[in-house]
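Structure, as structure tokens:
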Amino acid sequence: MQTDMALVNKEKAFFFEHSNGSRLFGILHPAQSGNCHGPSDTAIIYCNPIFEEHICSHRISVNFARHAAQCGYTVFRFDYFGDGESDGLFEHASISTRIADIETAIRYLRDDLRPSKIFLLGLRFGATLALLTAEKDLSVSGVVAWAPIMNLSDYLYTLLRSNLTTQMALHRKIIHDRDALLAQILDGSTVNVDGYEMGKPLLEDAAVYDLALGNFIFHHKCLLVQICPPTSKDKTLANFIGTKGVSSPDFLAETEVRFWLPLDTVYPRCDGLFAKTLNWIHCSAQEHQKTGK
Amino acid sequence: MESPVIFSNRKGENLFGMVFRPESDDRKHAPGIIICVSSILYRIGPYRLHTTISRHLSSHGYWVLQFDPAGIGDSEGAFEEKPLLEHHVDIQKGKFCEDIEDAVDFFLKEYHLGTIILAGLCGGAVSAIIAAAKHNRVNGSILLAMPILFDNLENKNQFSEVSVISSGVQSAHILSGMILRLTMLQTWKKIFTLKIAWKNELAIVLKASSVLFSRLFDKARTFLLRTKTLNLLDIPASCHPRYNFLLQRSLISFLEKNNKVLMIFAGEDFVTWAFKSEFQDKVLRPGNPYKAHCQIEIIPHANHIFTGSEPKAAILSIMDTWLGKHFHAL
């Protein structure tokens, strides 16, 4: 169910209801009769990263959605429970609640727009969530993962460093080290990470859903995109594909700044990333149409 | 209950916002609060702070709007690709003010509100007070961690010892330390064996001396301000090279119309102490004419963006009390 529609250049902003009764906020960018190659019956659901990566990359997601809509794709962006302008508190959200949110978004699109193909596109934590959701939902036509986080536990553990930095700034000393913070979370308290309260549901789920554990199977067409600045020689994702022996997803190494982090210069254009992503979706959608897979 | 809204700015660009409605719908004379974006981060604010504040205030009977200025978040418009620091300085010079004034007009007209309060954090606070001074239907402002100094565009890519010398006490300490070192044999050994970075040392001496002299000049200026010889709308209270005089003029002109201002600072934030030394100690001294209209609070053990549940709770509690006192929601 959706409430209160608004319109910016054909974009529709609204709240839609999760099966648990909470309201999720989303913005739909309908396909425009464009001059590009996109079939208008293909929809893309964008899965946000979390923490400040969501806020830093917000405009890039808007720019991508507007560009894709011009190219003939319908794009749906939404906030997870406990994030953005959706209901709930961050500390109550976990990986499973976020996967359920993506499933709700898929259902909403399927019921309301009936696209013939739905692709999931995610950035960072959102990319990992997109891969995990697609593993459960076989009706998804494909997944594009922009710089996915392969080891969620490590990622969250690293984020706790920001709590230590804050302790040093405020108290001139570390009062609780990382292990103590982890123990606090597992005892049911929350720990503040850059303003977000990290709680037990997220941490516990990270251990279960870790892609790095090696038991992850790629059921769908997948494009894993490594995003690195020109100076970086990060091979994490390429190595992961090589060593884990997963069924072969497509791989793209894209030279681009890490736009999900605070940057010195704002809003890179990301033309290459956008074009290659849409091109891959276009080819996969055509293949999907031919083979029915 | 929240609803997404679209309104146009004076350039015809569609701006995107979210309105938080109070449960009670008695809007006659009800105050509306607009939360201004802090920099280039979109309307929900850092770690979703704006959304938290908006939901809290709407649950206490206030109408709240958070919106994206042109080029930000989900609004239309382009945003120039240039260094972030330059954008910050543009914002501190009022880049978003026209969009904020348009948001005030939209909020007043569309929801039939009695008065508007502008709120913001950091650059959002600067934008809020500059826009508030220009709009006669804005009667209150909540300013969180408001920087009185422009961001430092010099040496932005490298740390410079010279650039951090900013206070008189610090300069006096540096110069006295240097004089003390000149009495030591080891220093002279270093001088004669050319093991001293002359350029760096000279730059430090020059900067410290100039800061010290400007502080002395400041004291004379403060004395004149106290004796009302100088007008705060015409003369900056500080001669700090990065002092934001537009902000001073806006704040003073807003207060002179008997509007209400709440300023909340963080105890562990450079911005707080810069504000204290460059503005508060000079203008808002005991017995100042704005005392009844301007409240300043410092939250201890808080950083610039008030991360942590305790500082956040303190902000909400201070806001509740201040709003209840001056703008009782109906």
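The values are calculated or read from the model by the stated rules, or taken from the named source; none is laboratory data. All values reported here derive from a predicted model rather than from experimental measurement. With ideal geometry, Cβ positions are generated from the backbone for all residues, glycine too; neighbour counts draw on all protein chains shown.
Values computed for the structure shown
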item: Residue match in region B:62-76 (condition: surrounded by fewer than 23 Cβ atoms within 10 Å (Cβ to Cβ), more than 8 Å from chain A (Cβ to nearest Cβ), assigned to a loop (DSSP other than H, G, I, E, B) and among the charged types (D, E, K, R)); result: no
item: So residue A:170, is it in contact (Cβ under 8 Å) with a residue 40 or more places away in the chain and not in a loop (DSSP other than H, G, I, E, B); result: no
item: Contacts under 7 angstrom Cβ, first residue in region B:286-309 being within 14 Å of another protein chain (Cβ to nearest Cβ), partner among the acidic types (Asp, Glu) and not in a strand (DSSP E or B), 6 or more apart; result: B:301/B:268; B:302/B:268; B:303/B:268; B:303/B:269; B:304/B:269; B:307/A:194
item: Filter pass, residue B:83 being of a type outside the set (Lys, Arg) and more than 25 Å from residue A:79 (Cα to Cα); result: yes
item: Set B:268, B:310: member being of a type outside the set (A, V, I, L, M), within 30 Å of residue B:174 (Cα to Cα) and not in a strand (DSSP E or B); result: B:268
item: Residue, nearest to residue B:47 (Cα to Cα), within region A:270-293, restricted to residues that are of a type in the set (Lys, Arg) and more than 19 Å from the chain's Cα centre (by Cα); result: A:293
item: Meets criteria (within 14 Å of chain A (Cβ to nearest Cβ), surrounded by fewer than 24 Cβ atoms within 10 Å (Cβ to Cβ) and modelled with pLDDT of 95 or more) for residue B:79; result: no
item: Within region A:38-133, helices (runs of 4 or more DSSP H) holding 3 or more residues that are under 21 Å from residue A:280 (Cα atoms) and not acidic (Asp, Glu); result: A:58-70
item: Candidate set from region A:152-179 (those that are of a type in the set (A, V, I, L, M) and more than 22 Å from residue B:311 (Cα to Cα)); member that is surrounded by the most Cβ atoms within 10 Å (Cβ to Cβ); result: A:152
item: Identity of the residue in region B:37-61, facing chain A (nearest Cβ under 10 Å), of a type in the set (S, T, N, Q) and not in a loop (DSSP other than H, G, I, E, B), that ends up surrounded by the fewest Cβ atoms within 10 Å (Cβ to Cβ); result: B:52
item: Only one of B:265, B:279 that is away from every other protein chain (no Cβ under 14 Å), in contact with a Ser or Thr (Cβ under 8 Å, 6 or more places away or on another chain) and at pLDDT 95 or above; result: B:265
item: Whichever residue in region A:261-289 is in contact with a strand residue (DSSP E or B) (Cβ under 7 Å, 6 or more places away or on another chain) and within 13 Å of chain B (Cβ to nearest Cβ) and, among such residues, is surrounded by the fewest Cβ atoms within 10 Å (Cβ to Cβ); result: A:264
